[in-house]
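Before any comments, here is the structure.
The values are calculated or read from the model by the stated rules, or taken from the named source; none is laboratory data. Predicted, not measured: the structure shown is a model, and the values here were computed from it. Every residue, glycine as well, gets a Cβ built from its backbone with ideal geometry; the counts of neighbours run over all protein chains shown. Accessible surface is based on the protein model in full, side chains and every heavy atom, while ligands, DNA and RNA are left aside. Shrake-Rupley method; radii C 1.70, N 1.55, O 1.52, S 1.80 Å.
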Amino acid sequence: MSDVAAPAETGVPPVPPEALPPVRSVHPIVRLDYFVRIPAAFVVFLVMESFFVSAGRGRGFLALAFVYGFVWPHAAYLIGNRSRDSKAAELRCMLVDSFMIGFFAALTGFSLLPCIAFLTSVNAANLSIGGLRLSLHGLGAMIAGAAVSVLAFGLHLNLEASPVTSVFSVIAIVCFSTVFALHSHLQTKRMLRAKQAVQDQKVQLEEQARLVEQARASAEEARDAAESANRAKSAFLANMSHELRTPLNAIIGYSELLEEEAAGGSPEDLVADLQKIRTSGKHLLRLINSVLDLSKIEAGKMTLFVETFDIAKLVEEVGATAAPLVEKKGNRFVVRCDPDLASLKGDVTKLKQILLNLLSNASKFTENGEIALAVAREADREGNWISFRVSDSGIGMTPEQLGKVFQAFTQADAATTRKYGGTGLGLALSRRFCQMMGGDVTVESVFGKGSTFTVRLPSDVGNEEGDATSIHRVNFRALVEEEERRRRTLAGGPGPAGS
(Lines give C-alpha, C1' and ligand atoms only; values in the text may rest on other atoms or scores of the structure.)
Protein backbone atom coordinates (compact mmCIF):
# COMPACT_ATOMS: atom_id res chain seq x y z
CA MET A 1 0.00 0.00 0.00
CA SER A 2 1.37 3.41 -0.91
CA ASP A 3 2.31 5.85 1.83
CA VAL A 4 1.11 8.81 -0.26
CA ALA A 5 -2.56 9.50 0.30
CA ALA A 6 -4.72 10.08 -2.73
CA PRO A 7 -6.51 13.42 -2.95
CA ALA A 8 -9.97 13.36 -1.41
CA GLU A 9 -12.96 13.29 -3.69
CA THR A 10 -14.90 16.56 -3.42
CA GLY A 11 -17.92 15.39 -5.36
CA VAL A 12 -17.97 18.67 -7.31
CA PRO A 13 -17.73 18.12 -11.06
CA PRO A 14 -15.13 20.24 -12.88
CA VAL A 15 -16.45 23.35 -14.53
CA PRO A 16 -16.00 23.30 -18.31
CA PRO A 17 -14.08 26.29 -19.72
CA GLU A 18 -17.04 27.48 -21.77
CA ALA A 19 -19.14 27.74 -18.57
CA LEU A 20 -16.70 30.13 -16.90
CA PRO A 21 -17.62 33.85 -16.98
CA PRO A 22 -15.74 35.72 -19.67
CA VAL A 23 -12.82 37.87 -18.57
CA ARG A 24 -13.67 41.54 -18.99
CA SER A 25 -11.23 43.67 -20.96
CA VAL A 26 -11.41 47.41 -20.34
CA HIS A 27 -11.27 49.54 -23.47
CA PRO A 28 -8.29 51.97 -23.59
CA ILE A 29 -10.55 55.04 -23.95
CA VAL A 30 -11.92 54.46 -20.41
CA ARG A 31 -8.52 55.11 -18.84
CA LEU A 32 -7.69 57.84 -21.34
CA ASP A 33 -10.94 59.75 -20.70
CA TYR A 34 -10.47 59.33 -16.95
CA PHE A 35 -7.25 61.36 -16.96
CA VAL A 36 -8.79 63.95 -19.31
CA ARG A 37 -12.07 64.20 -17.38
CA ILE A 38 -10.42 64.95 -14.01
CA PRO A 39 -8.87 68.33 -15.00
CA ALA A 40 -11.75 69.18 -17.34
CA ALA A 41 -14.41 68.62 -14.63
CA PHE A 42 -12.32 70.63 -12.14
CA VAL A 43 -12.17 73.59 -14.54
CA VAL A 44 -15.95 73.35 -15.08
CA PHE A 45 -16.35 73.37 -11.28
CA LEU A 46 -14.24 76.54 -11.01
CA VAL A 47 -16.25 78.34 -13.71
CA MET A 48 -19.62 77.34 -12.26
CA GLU A 49 -18.52 78.02 -8.67
CA SER A 50 -17.44 81.54 -9.58
CA PHE A 51 -20.70 82.12 -11.44
CA PHE A 52 -22.91 80.78 -8.62
CA VAL A 53 -21.05 82.90 -6.06
CA SER A 54 -21.32 86.06 -8.16
CA ALA A 55 -24.98 85.35 -8.99
CA GLY A 56 -25.90 84.60 -5.39
CA ARG A 57 -27.21 81.11 -6.12
CA GLY A 58 -27.92 78.71 -3.26
CA ARG A 59 -25.81 75.91 -1.85
CA GLY A 60 -27.65 73.31 -3.94
CA PHE A 61 -26.08 74.68 -7.10
CA LEU A 62 -22.67 74.78 -5.42
CA ALA A 63 -23.10 71.16 -4.35
CA LEU A 64 -24.11 70.15 -7.89
CA ALA A 65 -20.97 71.79 -9.30
CA PHE A 66 -18.86 70.10 -6.61
CA VAL A 67 -20.32 66.66 -7.38
CA TYR A 68 -19.63 67.11 -11.09
CA GLY A 69 -16.13 68.45 -10.54
CA PHE A 70 -14.87 65.93 -7.96
CA VAL A 71 -17.18 62.90 -7.88
CA TRP A 72 -18.33 62.38 -11.44
CA PRO A 73 -14.89 61.63 -13.03
CA HIS A 74 -14.31 58.73 -10.65
CA ALA A 75 -17.87 57.48 -10.95
CA ALA A 76 -17.61 57.49 -14.77
CA TYR A 77 -14.35 55.54 -14.57
CA LEU A 78 -15.93 52.90 -12.30
CA ILE A 79 -18.94 52.59 -14.58
CA GLY A 80 -16.73 52.01 -17.64
CA ASN A 81 -14.38 49.68 -15.76
CA ARG A 82 -17.15 47.50 -14.35
CA SER A 83 -19.37 47.32 -17.43
CA ARG A 84 -19.43 44.29 -19.70
CA ASP A 85 -19.02 46.59 -22.72
CA SER A 86 -16.62 49.24 -21.43
CA LYS A 87 -16.50 51.22 -24.65
CA ALA A 88 -20.28 51.56 -24.89
CA ALA A 89 -20.42 52.55 -21.22
CA GLU A 90 -17.78 55.23 -21.76
CA LEU A 91 -19.67 56.63 -24.75
CA ARG A 92 -22.79 56.87 -22.56
CA CYS A 93 -20.72 58.72 -19.94
CA MET A 94 -19.65 61.14 -22.65
CA LEU A 95 -23.32 61.84 -23.36
CA VAL A 96 -23.81 62.51 -19.63
CA ASP A 97 -20.94 65.03 -19.85
CA SER A 98 -22.70 66.67 -22.80
CA PHE A 99 -26.00 66.78 -20.90
CA MET A 100 -24.34 68.39 -17.86
CA ILE A 101 -22.51 70.94 -20.01
CA GLY A 102 -25.82 71.96 -21.61
CA PHE A 103 -27.40 72.10 -18.16
CA PHE A 104 -24.64 74.34 -16.77
CA ALA A 105 -24.65 76.55 -19.89
CA ALA A 106 -28.36 77.28 -19.39
CA LEU A 107 -27.75 78.04 -15.69
CA THR A 108 -25.20 80.71 -16.66
CA GLY A 109 -27.82 82.36 -18.85
CA PHE A 110 -25.81 81.31 -21.89
CA SER A 111 -22.92 83.60 -21.04
CA LEU A 112 -20.62 83.77 -24.03
CA LEU A 113 -17.24 82.84 -22.57
CA PRO A 114 -18.45 79.94 -20.38
CA CYS A 115 -20.63 78.60 -23.21
CA ILE A 116 -17.78 78.82 -25.69
CA ALA A 117 -15.46 77.00 -23.26
CA PHE A 118 -18.02 74.30 -22.45
CA LEU A 119 -19.42 73.69 -25.91
CA THR A 120 -16.07 73.60 -27.78
CA SER A 121 -14.46 71.34 -25.21
CA VAL A 122 -17.20 68.74 -25.00
CA ASN A 123 -17.76 68.77 -28.76
CA ALA A 124 -14.04 68.28 -29.39
CA ALA A 125 -14.01 65.42 -26.91
CA ASN A 126 -16.99 63.75 -28.60
CA LEU A 127 -15.41 64.10 -32.04
CA SER A 128 -12.07 62.66 -30.91
CA ILE A 129 -13.62 59.70 -29.11
CA GLY A 130 -16.68 58.73 -31.14
CA GLY A 131 -16.48 60.71 -34.35
CA LEU A 132 -19.29 62.67 -36.01
CA ARG A 133 -22.00 60.34 -34.76
CA LEU A 134 -21.12 60.86 -31.09
CA SER A 135 -20.72 64.58 -31.73
CA LEU A 136 -24.28 64.83 -33.05
CA HIS A 137 -25.59 62.75 -30.16
CA GLY A 138 -23.62 64.99 -27.80
CA LEU A 139 -25.19 68.12 -29.29
CA GLY A 140 -28.58 66.54 -28.74
CA ALA A 141 -27.65 65.76 -25.13
CA MET A 142 -26.49 69.36 -24.57
CA ILE A 143 -29.78 70.68 -25.94
CA ALA A 144 -31.64 68.28 -23.66
CA GLY A 145 -29.59 69.42 -20.66
CA ALA A 146 -30.25 73.07 -21.46
CA ALA A 147 -33.97 72.35 -21.88
CA VAL A 148 -34.17 70.60 -18.49
CA SER A 149 -32.37 73.54 -16.84
CA VAL A 150 -34.69 76.08 -18.44
CA LEU A 151 -37.79 74.09 -17.47
CA ALA A 152 -36.57 73.62 -13.92
CA PHE A 153 -35.11 77.03 -13.13
CA GLY A 154 -36.28 79.31 -15.90
CA LEU A 155 -34.32 81.23 -18.54
CA HIS A 156 -32.28 84.21 -17.40
CA LEU A 157 -30.22 85.48 -20.32
CA ASN A 158 -26.91 86.91 -19.17
CA LEU A 159 -24.53 87.13 -22.09
CA GLU A 160 -21.87 88.90 -20.05
CA ALA A 161 -20.32 87.02 -17.16
CA SER A 162 -18.55 88.46 -14.17
CA PRO A 163 -14.83 89.20 -14.45
CA VAL A 164 -13.93 86.21 -12.25
CA THR A 165 -16.14 83.88 -14.29
CA SER A 166 -14.68 85.27 -17.51
CA VAL A 167 -11.15 84.68 -16.23
CA PHE A 168 -11.98 81.10 -15.29
CA SER A 169 -13.69 80.63 -18.67
CA VAL A 170 -10.55 81.78 -20.46
CA ILE A 171 -8.51 79.44 -18.26
CA ALA A 172 -10.97 76.67 -19.16
CA ILE A 173 -10.56 77.37 -22.88
CA VAL A 174 -6.75 77.30 -22.54
CA CYS A 175 -6.85 74.11 -20.43
CA PHE A 176 -9.25 72.34 -22.78
CA SER A 177 -7.29 73.29 -25.89
CA THR A 178 -4.03 72.28 -24.19
CA VAL A 179 -5.40 68.93 -23.06
CA PHE A 180 -6.79 68.03 -26.47
CA ALA A 181 -3.70 69.32 -28.30
CA LEU A 182 -1.49 67.24 -26.00
CA HIS A 183 -3.77 64.29 -26.50
CA SER A 184 -3.53 64.69 -30.29
CA HIS A 185 0.25 65.01 -30.00
CA LEU A 186 0.51 61.81 -27.97
CA GLN A 187 -1.81 60.02 -30.37
CA THR A 188 0.35 61.15 -33.27
CA LYS A 189 3.50 59.91 -31.52
CA ARG A 190 1.86 56.57 -30.80
CA MET A 191 0.76 56.33 -34.41
CA LEU A 192 4.27 57.11 -35.63
CA ARG A 193 5.76 54.56 -33.24
CA ALA A 194 3.23 52.00 -34.39
CA LYS A 195 4.01 52.84 -38.01
CA GLN A 196 7.74 52.52 -37.35
CA ALA A 197 7.16 49.23 -35.54
CA VAL A 198 5.17 47.97 -38.52
CA GLN A 199 7.94 49.14 -40.85
CA ASP A 200 10.59 47.42 -38.71
CA GLN A 201 8.51 44.27 -38.62
CA LYS A 202 8.13 44.46 -42.38
CA VAL A 203 11.89 44.77 -42.77
CA GLN A 204 12.40 41.81 -40.43
CA LEU A 205 9.87 39.76 -42.37
CA GLU A 206 11.55 40.68 -45.64
CA GLU A 207 14.93 39.73 -44.18
CA GLN A 208 13.52 36.46 -42.90
CA ALA A 209 11.95 35.82 -46.30
CA ARG A 210 15.30 36.56 -47.93
CA LEU A 211 17.07 34.18 -45.56
CA VAL A 212 14.43 31.52 -46.17
CA GLU A 213 14.78 32.00 -49.93
CA GLN A 214 18.56 31.88 -49.62
CA ALA A 215 18.33 28.71 -47.53
CA ARG A 216 15.92 27.21 -50.06
CA ALA A 217 18.25 28.11 -52.93
CA SER A 218 21.21 26.65 -51.02
CA ALA A 219 19.23 23.51 -50.30
CA GLU A 220 18.27 23.19 -53.96
CA GLU A 221 21.87 23.81 -54.99
CA ALA A 222 23.06 21.18 -52.53
CA ARG A 223 20.40 18.79 -53.79
CA ASP A 224 21.39 19.41 -57.40
CA ALA A 225 25.04 18.93 -56.48
CA ALA A 226 24.21 15.70 -54.67
CA GLU A 227 22.18 14.47 -57.61
CA SER A 228 24.98 15.42 -60.00
CA ALA A 229 27.52 13.62 -57.82
CA ASN A 230 25.24 10.61 -57.64
CA ARG A 231 24.87 10.56 -61.43
CA ALA A 232 28.63 10.94 -61.83
CA LYS A 233 29.30 8.06 -59.46
CA SER A 234 26.67 5.94 -61.20
CA ALA A 235 28.36 6.62 -64.53
CA PHE A 236 31.70 5.88 -62.91
CA LEU A 237 30.47 2.53 -61.64
CA ALA A 238 29.16 1.69 -65.09
CA ASN A 239 32.52 2.56 -66.67
CA MET A 240 34.48 0.94 -63.87
CA SER A 241 32.55 -2.29 -64.21
CA HIS A 242 33.69 -2.44 -67.84
CA GLU A 243 37.26 -1.48 -66.94
CA LEU A 244 37.43 -4.13 -64.22
CA ARG A 245 35.77 -6.87 -66.22
CA THR A 246 38.09 -6.46 -69.22
CA PRO A 247 41.37 -7.35 -67.45
CA LEU A 248 39.63 -9.94 -65.31
CA ASN A 249 38.20 -11.66 -68.39
CA ALA A 250 41.65 -11.54 -69.96
CA ILE A 251 43.22 -13.09 -66.88
CA ILE A 252 40.57 -15.80 -66.72
CA GLY A 253 40.67 -16.47 -70.46
CA TYR A 254 44.44 -16.74 -70.72
CA SER A 255 44.52 -18.84 -67.58
CA GLU A 256 42.16 -21.34 -69.26
CA LEU A 257 44.34 -21.30 -72.39
CA LEU A 258 47.42 -21.93 -70.30
CA GLU A 259 45.67 -24.79 -68.60
CA GLU A 260 44.86 -26.37 -71.96
CA GLU A 261 48.31 -25.68 -73.46
CA ALA A 262 50.13 -26.92 -70.37
CA ALA A 263 48.83 -30.42 -71.05
CA GLY A 264 50.68 -30.88 -74.34
CA GLY A 265 52.55 -27.70 -75.28
CA SER A 266 56.08 -26.50 -74.67
CA PRO A 267 56.93 -23.83 -72.03
CA GLU A 268 58.04 -21.40 -74.76
CA ASP A 269 54.51 -21.22 -76.09
CA LEU A 270 53.26 -19.95 -72.76
CA VAL A 271 55.47 -16.82 -72.59
CA ALA A 272 53.22 -14.57 -74.69
CA ASP A 273 50.11 -15.60 -72.80
CA LEU A 274 51.83 -15.07 -69.46
CA GLN A 275 52.86 -11.56 -70.51
CA LYS A 276 49.24 -10.75 -71.40
CA ILE A 277 48.11 -12.01 -68.01
CA ARG A 278 50.74 -9.84 -66.30
CA THR A 279 49.70 -6.79 -68.33
CA SER A 280 46.02 -7.27 -67.51
CA GLY A 281 46.83 -7.82 -63.85
CA LYS A 282 48.87 -4.62 -63.69
CA HIS A 283 46.08 -2.68 -65.38
CA LEU A 284 43.57 -4.05 -62.90
CA LEU A 285 45.92 -3.18 -60.02
CA ARG A 286 46.20 0.41 -61.26
CA LEU A 287 42.44 0.74 -61.36
CA ILE A 288 42.07 -0.58 -57.85
CA ASN A 289 44.88 1.65 -56.57
CA SER A 290 43.21 4.71 -58.10
CA VAL A 291 39.94 3.93 -56.35
CA LEU A 292 41.74 3.31 -53.07
CA ASP A 293 43.76 6.52 -53.36
CA LEU A 294 40.62 8.57 -53.98
CA SER A 295 38.86 6.94 -51.03
CA LYS A 296 41.85 7.74 -48.81
CA ILE A 297 41.75 11.39 -49.87
CA GLU A 298 38.01 11.63 -49.21
CA ALA A 299 38.54 10.05 -45.77
CA GLY A 300 41.39 12.48 -45.00
CA LYS A 301 43.87 9.64 -44.56
CA MET A 302 46.15 10.20 -47.53
CA THR A 303 49.73 10.93 -46.44
CA LEU A 304 52.89 12.34 -47.99
CA PHE A 305 56.38 10.95 -47.67
CA VAL A 306 58.55 14.04 -48.08
CA GLU A 307 62.17 13.62 -49.15
CA THR A 308 64.76 15.42 -51.25
CA PHE A 309 65.38 13.96 -54.69
CA ASP A 310 67.09 14.89 -57.96
CA ILE A 311 64.65 16.33 -60.49
CA ALA A 312 66.65 15.36 -63.58
CA LYS A 313 66.84 11.76 -62.44
CA LEU A 314 63.08 11.70 -61.81
CA VAL A 315 62.36 13.10 -65.29
CA GLU A 316 64.68 10.51 -66.82
CA GLU A 317 62.85 7.67 -65.06
CA VAL A 318 59.41 9.04 -66.00
CA GLY A 319 60.49 9.49 -69.63
CA ALA A 320 61.83 5.95 -69.83
CA THR A 321 58.60 4.56 -68.42
CA ALA A 322 56.28 6.68 -70.57
CA ALA A 323 58.20 6.49 -73.88
CA PRO A 324 56.80 3.11 -75.03
CA LEU A 325 53.26 4.20 -74.22
CA VAL A 326 53.65 7.58 -75.97
CA GLU A 327 55.24 6.09 -79.09
CA LYS A 328 52.66 3.33 -79.33
CA LYS A 329 50.33 5.48 -81.48
CA GLY A 330 53.07 6.93 -83.64
CA ASN A 331 53.68 9.97 -81.45
CA ARG A 332 57.00 11.73 -81.02
CA PHE A 333 58.12 12.15 -77.41
CA VAL A 334 60.13 15.25 -76.51
CA VAL A 335 61.65 16.00 -73.09
CA ARG A 336 63.01 19.47 -72.27
CA CYS A 337 64.72 20.19 -68.92
CA ASP A 338 66.44 23.33 -67.67
CA PRO A 339 70.06 22.68 -66.69
CA ASP A 340 69.70 24.30 -63.24
CA LEU A 341 66.83 22.17 -61.89
CA ALA A 342 68.85 20.77 -58.98
CA SER A 343 66.70 19.00 -56.38
CA LEU A 344 63.13 19.12 -55.12
CA LYS A 345 61.78 18.36 -51.67
CA GLY A 346 58.51 16.50 -51.93
CA ASP A 347 56.84 13.11 -52.39
CA VAL A 348 58.70 11.57 -55.32
CA THR A 349 56.30 8.65 -55.68
CA LYS A 350 53.21 10.84 -56.00
CA LEU A 351 54.97 13.28 -58.33
CA LYS A 352 55.97 10.37 -60.55
CA GLN A 353 52.37 9.14 -60.50
CA ILE A 354 51.15 12.63 -61.47
CA LEU A 355 53.48 12.89 -64.45
CA LEU A 356 52.73 9.36 -65.65
CA ASN A 357 48.99 10.10 -65.40
CA LEU A 358 49.38 13.22 -67.52
CA LEU A 359 51.61 11.51 -70.10
CA SER A 360 49.30 8.50 -70.27
CA ASN A 361 46.36 10.84 -70.74
CA ALA A 362 48.14 12.73 -73.52
CA SER A 363 49.09 9.53 -75.34
CA LYS A 364 45.53 8.26 -75.11
CA PHE A 365 44.07 11.23 -77.01
CA THR A 366 46.96 11.86 -79.46
CA GLU A 367 47.78 9.91 -82.63
CA ASN A 368 50.74 10.59 -84.94
CA GLY A 369 51.48 13.84 -83.13
CA GLU A 370 53.86 15.21 -80.57
CA ILE A 371 53.84 14.89 -76.80
CA ALA A 372 56.29 16.98 -74.81
CA LEU A 373 57.40 17.11 -71.19
CA ALA A 374 59.06 20.42 -70.23
CA VAL A 375 60.53 21.03 -66.75
CA ALA A 376 61.70 24.44 -65.53
CA ARG A 377 62.46 26.34 -62.34
CA GLU A 378 60.43 29.52 -61.71
CA ALA A 379 60.41 32.25 -59.07
CA ASP A 380 57.79 34.78 -57.98
CA ARG A 381 56.76 36.66 -54.84
CA GLU A 382 55.57 33.47 -53.19
CA GLY A 383 58.90 31.67 -53.61
CA ASN A 384 60.63 29.20 -55.89
CA TRP A 385 58.61 26.75 -57.97
CA ILE A 386 59.23 23.79 -60.24
CA SER A 387 56.89 23.57 -63.22
CA PHE A 388 56.18 20.41 -65.23
CA ARG A 389 54.33 21.00 -68.52
CA VAL A 390 52.85 18.10 -70.46
CA SER A 391 51.59 19.21 -73.87
CA ASP A 392 50.11 17.27 -76.76
CA SER A 393 48.69 17.86 -80.22
CA GLY A 394 45.67 15.65 -79.65
CA ILE A 395 41.93 16.19 -79.82
CA GLY A 396 41.82 19.02 -77.28
CA MET A 397 38.81 20.08 -75.23
CA THR A 398 35.92 22.52 -75.50
CA PRO A 399 35.37 25.22 -72.82
CA GLU A 400 32.45 23.19 -71.50
CA GLN A 401 34.65 20.12 -71.13
CA LEU A 402 37.38 22.14 -69.41
CA GLY A 403 34.93 23.05 -66.64
CA LYS A 404 34.84 19.52 -65.24
CA VAL A 405 38.11 18.06 -66.39
CA PHE A 406 39.38 17.64 -62.81
CA GLN A 407 36.16 16.22 -61.35
CA ALA A 408 36.32 12.64 -60.18
CA PHE A 409 34.26 9.99 -62.01
CA THR A 410 33.69 12.38 -64.92
CA GLN A 411 34.54 12.04 -68.61
CA ALA A 412 33.49 13.84 -71.76
CA ASP A 413 30.63 11.65 -72.96
CA ALA A 414 29.68 8.05 -73.63
CA ALA A 415 31.25 8.08 -77.11
CA THR A 416 34.60 9.26 -75.74
CA THR A 417 34.48 6.64 -73.01
CA ARG A 418 33.74 3.86 -75.48
CA LYS A 419 36.50 4.97 -77.85
CA TYR A 420 39.30 5.82 -75.41
CA GLY A 421 38.33 4.03 -72.17
CA GLY A 422 39.30 5.30 -68.74
CA THR A 423 37.54 5.81 -65.40
CA GLY A 424 37.71 9.58 -64.84
CA LEU A 425 40.03 9.33 -61.82
CA GLY A 426 43.53 10.10 -63.14
CA LEU A 427 43.31 13.89 -63.38
CA ALA A 428 41.27 14.19 -60.19
CA LEU A 429 43.92 12.28 -58.24
CA SER A 430 46.72 14.27 -59.88
CA ARG A 431 45.22 17.57 -58.77
CA ARG A 432 44.61 16.28 -55.24
CA PHE A 433 48.24 15.13 -54.97
CA CYS A 434 49.50 18.52 -56.22
CA GLN A 435 47.37 20.39 -53.72
CA MET A 436 48.61 18.16 -50.93
CA MET A 437 52.16 19.22 -51.77
CA GLY A 438 51.26 22.94 -51.81
CA GLY A 439 50.92 23.26 -55.59
CA ASP A 440 48.32 22.80 -58.26
CA VAL A 441 47.75 21.57 -61.79
CA THR A 442 46.08 23.70 -64.46
CA VAL A 443 45.08 23.10 -68.05
CA GLU A 444 44.88 25.04 -71.30
CA SER A 445 43.27 23.50 -74.34
CA VAL A 446 41.98 24.31 -77.81
CA PHE A 447 39.48 21.92 -79.30
CA GLY A 448 41.04 19.99 -82.18
CA LYS A 449 44.57 21.31 -81.52
CA GLY A 450 45.68 19.81 -78.24
CA SER A 451 46.04 20.43 -74.51
CA THR A 452 48.71 21.57 -72.06
CA PHE A 453 48.69 20.52 -68.40
CA THR A 454 50.99 22.46 -66.05
CA VAL A 455 52.02 21.16 -62.63
CA ARG A 456 53.54 23.79 -60.29
CA LEU A 457 55.08 22.64 -57.03
CA PRO A 458 57.10 24.56 -54.44
CA SER A 459 60.75 23.60 -54.55
CA ASP A 460 60.55 22.84 -50.83
CA VAL A 461 57.34 21.18 -49.63
CA GLY A 462 56.96 22.52 -46.08
CA ASN A 463 56.08 20.28 -43.17
CA GLU A 464 55.04 20.85 -39.60
CA GLU A 465 57.71 18.63 -38.07
CA GLY A 466 60.69 20.06 -39.98
CA ASP A 467 61.66 16.55 -40.94
CA ALA A 468 62.13 15.52 -44.55
CA THR A 469 60.34 12.26 -43.89
CA SER A 470 57.45 13.68 -41.90
CA ILE A 471 53.92 12.64 -42.77
CA HIS A 472 51.17 15.11 -43.79
CA ARG A 473 47.44 14.68 -43.98
CA VAL A 474 45.39 16.39 -46.63
CA ASN A 475 42.51 18.64 -45.62
CA PHE A 476 39.95 17.25 -48.05
CA ARG A 477 37.28 19.84 -47.32
CA ALA A 478 39.68 22.66 -48.19
CA LEU A 479 40.57 20.89 -51.42
CA VAL A 480 36.93 20.39 -52.30
CA GLU A 481 36.14 24.07 -51.63
CA GLU A 482 39.09 25.15 -53.77
CA GLU A 483 37.97 22.78 -56.51
CA GLU A 484 34.43 24.18 -56.30
CA ARG A 485 35.68 27.77 -56.63
CA ARG A 486 37.71 26.84 -59.68
CA ARG A 487 34.81 24.94 -61.20
CA ARG A 488 32.42 27.87 -60.86
CA THR A 489 34.74 30.08 -62.87
CA LEU A 490 34.51 27.73 -65.83
CA ALA A 491 31.61 26.49 -67.90
CA GLY A 492 30.09 23.12 -67.00
CA GLY A 493 30.76 19.95 -68.97
CA PRO A 494 33.16 16.99 -68.71
CA GLY A 495 36.40 16.92 -70.62
CA PRO A 496 37.74 14.02 -72.59
CA ALA A 497 40.95 14.00 -70.63
CA GLY A 498 39.38 13.03 -67.36
CA SER A 499 40.68 9.46 -67.42
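Calculate the FRET efficiency for Leu182 and Asn384 from the Cβ-Cβ distance with a Förster distance of 56 Å, rounded to the nearest 0.05.
Once the sixth-power term is evaluated, E becomes 0.10.
May I ask which of Lys87/Lys202; Lys345/Lys404; Lys313/Lys352; Lys329/Lys449 have a Cα-Cα span longer than 22 Å here?
Among Lys87/Lys202; Lys345/Lys404; Lys313/Lys352; Lys329/Lys449, the Cα-Cα distance tops 22 Å for Lys87/Lys202; Lys345/Lys404.
Considering amide H positions built from the backbone, and no H for Pro or chain starts, which residues 5 or more places from Asn384, or on another chain, come under 5 Å of its amide H?
Close amide H contacts, sequence-distant or interchain: Ser459.
With a cut-off of at most 10 other beta carbons within 10 Å, and DSSP calling the residue loop, which trypsin sites (Lys or Arg not before Pro) in segment 17-124 qualify? Please list them.
Passing both the DSSP loop test and the Cβ count: Arg84.
Taking all protein chains together and a probe of 1.4 Å, list Arg431, Arg223 from the most accessible to the least accessible.
Result, largest first: Arg223, Arg431.
For segment 348-369 and segment 95-154, what is the separation of their C-alpha centers, rounded to whole Å?
One Cα centre to the other: 106 Å.
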